[in-house]
1. Let me know the charge dipole size of segment 98-217 about its Cα centre in debye, to the nearest 20, where only the beta-carbon of Lys, Arg (+1) and Asp, Glu (-1) is charged.
2. How much of the accessible area of segment 105-217, probe 1.4 Å, is carbon plus sulfur, in whole percent?
3. Translational diffusion coefficient of segment 1-77 at 20 °C, 1.002 mPa s, Stokes-Einstein with Kirkwood Rh over Cα pairs, in µm²/s as a whole number.
4. Can you work out the PRE-style zone for SER45? Point 7 Å along Cα to Cβ, and I want the residues of segment 136-172 with backbone N under 14 Å.
5. Please compute the volume of the convex hull spanned by the alpha-carbon atoms of segment 123-197 and report it per residue in Å³.
6. Quick one: if you stick a label point 7 Å off each Cα along the C-beta vector at ALA205 and GLU32, how many nm between them?
7. For the chain, what is the mean residue ellipticity at 222 nm derived from helices alone (per DSSP H run of n ≥ 4: -39500 (n - 2.57); sum divided by total residues; nearest 500 deg cm²/dmol)?
8. Taking the C-alpha atoms of the chain, how large are the radius of gyration and the largest Cα-Cα span, Dmax, in Å?
Amino acid sequence: MNLITVDKLLTTTRSVRKRLDFSRPVEREIVEECLEIAIQAPTGSNAQGWHFMVVTDEDKRAKIGELYRDSFYIYAQSERETKMARGKGGQDEQQSIRVVNSAVYLANHMGEVPLMIMPCIHGRVESLGPMAQASLYGSILPATWSLMLALRARGLGSAWTTLHLRYEKAIAELLGIPDHVTQAALLPVAYFSGKDFKPANRIPAQELTSWNSWEKG
């Protein structure tokens, strides 16, 4: 397998929503290969408290898809009301429309993806301070991003989503996830249609960077 270069991988790993191929199965051995790569990521105190919940069961995927869709439309309504209250934002309007359209599409089709992965971490943060919260999430987020990059290198698309967490307890019961485990995200995984992705339009890093003091000189 000819994997793409590191720089291209890092600049073209998009959130894939509308280009997910729902009809093509995802091979278990490829997912397992990507997970082996993912667990080489840094982890706080080398605790390795991560756990990856892979969902291929049709009925469970459909139920998670329903909950995700319900959560999305609750979120979308509240977000619409917030934007109306504060007026038009600074984001490029056409880009914003594309993102919204793709998010709606995924919400309506989440249950159709051939495979879902929920990165989890042992522990809860509800009663912890900022340092402990950052430490816990800092032990699962790098591994999850490594997973998404490994998938992308093998022609598989994914998207970082968290809206299912509105119904975290219901999903935990559905999948038998213990109470002491935190679900960090929900990744829909599928082969993507089309040949490739391009780098996205971003605000230049120079405009988002401060050296030695937050205030820019």
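1. The dipole magnitude comes to about 420 debye.
2. Ligands and nucleic acids excluded, carbon and sulfur reach 57 percent.
3. In µm²/s, the coefficient rounds to 133.
4. 136-139
5. Taking the convex hull of the Cα positions in segment 123-197, it is 115 Å³ per residue.
6. Simple spin-label model gives 3.7 nm for this pair.
7. -13500 deg cm²/dmol
8. Values for the chain (Cα only, Rg and Dmax): 18.3, 57 Å.
The values are calculated or read from the model by the stated rules, or taken from the named source; none is laboratory data. Note that the structure is predicted; figures quoted are calculated from it, not measured. Note that we place each Cβ from the backbone using ideal geometry, even for glycine, and neighbour counts take in every protein chain shown. Surface areas here come from the heavy atoms of the whole protein model, side chains and all, with no ligands, DNA or RNA. Shrake-Rupley method; radii C 1.70, N 1.55, O 1.52, S 1.80 Å.
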